[in-house]
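Heads up, the thing below is written out as structure tokens.
Bear in mind that the values in this text are calculations on the coordinates, not laboratory data. Please read all numbers here as calculations on a predicted model, not as lab measurements. Note that we place each Cβ from the backbone using ideal geometry, even for glycine, and neighbour counts take in every protein chain shown.
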């Protein structure tokens, strides 16, 4: 709201005792008529022993000229807090984090630990999703309803996560489209990929999406089961209703309804280590 007129702005070190009783402060945010500002700037003079020029002196100059000079009172003072060092930056980041988390909780999202959950401001999360502690969800991510995220999950840019999905502990996903009902329970990296619906990704599975020159995509179909410690060497495509054996390194496409095993045959040399 607009609150009266502003006569002038005085720096605290230059203020009189009477002026110091005023409880309003200058936020440092201005909206000027450019031509009037340029005219006023020509009239400011040094006003202390250091020979400093104060931009704020233009307020008094404009008032003396009979121009309208008004002030807007901010109801939430955190909106005008400044950042002059790393400590103030951390404080404002904390305020923004609380505000973002509060908005999601008001929309039906459960956040178990708001002090240790980091959600960027343009993230969308559906109702009844649960966010466990130490989770980071970065810009542009869309998460559906009734999902379970974390703890210690890292959801990076470009992710679209459907309803009823589980992204578990120490899982990182990046540029991933994950279908409804799919589970990535723990200790996996799924980057540059598409995963269909009702698929299970085993512990320790990764998409090897970068060959040192370019990023490539992994596509995994619906209703598939991926065993633990599987490496997908992108680009690779896995059909619907497949099983990938644990410990496999998949370099070729896998057709639907197939069982794929890609690992070295085990050899036991009995007695080899007795000495």
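Here is how the numbers come out for the structure above:
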quantity: Projected label distance in nm at residue 225 and residue 177, using a 7 Å step from Cα toward the beta-carbon; calculated: 2.7
quantity: Residues 188, 260 arranged by fewest to most Cβ contacts within 10 Å; calculated: 260, 188
quantity: Residue-span extension gain [residue 56 to residue 115] - 0.36 nm each, minus C-alpha spacing; calculated: 17.4 nm
quantity: Virtual paramagnetic centre 7 Å along Cα→Cβ of residue 211, amide N under 19 Å, in segment 228-244; calculated: 231-238
quantity: Order of 190, 91, 62, 72 under a 10 Å beta carbon neighbour criterion, fewest first; calculated: 72, 91, 62, 190
quantity: Per-residue Cβ neighbour rank within 10 angstrom, fewest leading, 226, 34, 83; calculated: 34, 83, 226
quantity: Volume per residue of the C-alpha convex hull in the chain, rounded to whole Å³; calculated: 261
quantity: C-alpha center-to-center spacing [segment 165-199, segment 76-118] in angstrom; calculated: 27
quantity: Distance (nanometres) between label positions extended 7 Å along Cα→Cβ at residue 241 and residue 272; calculated: 4.1
quantity: Between helix 86-106 and the chain: long-axis angle, C-alpha atoms, 0 to 90°, nearest 10; calculated: 70
quantity: Extension reserve of the residue 11-residue 251 stretch, reckoned as 0.36 nm per residue once the Cα distance is removed; calculated: 79.6 nm
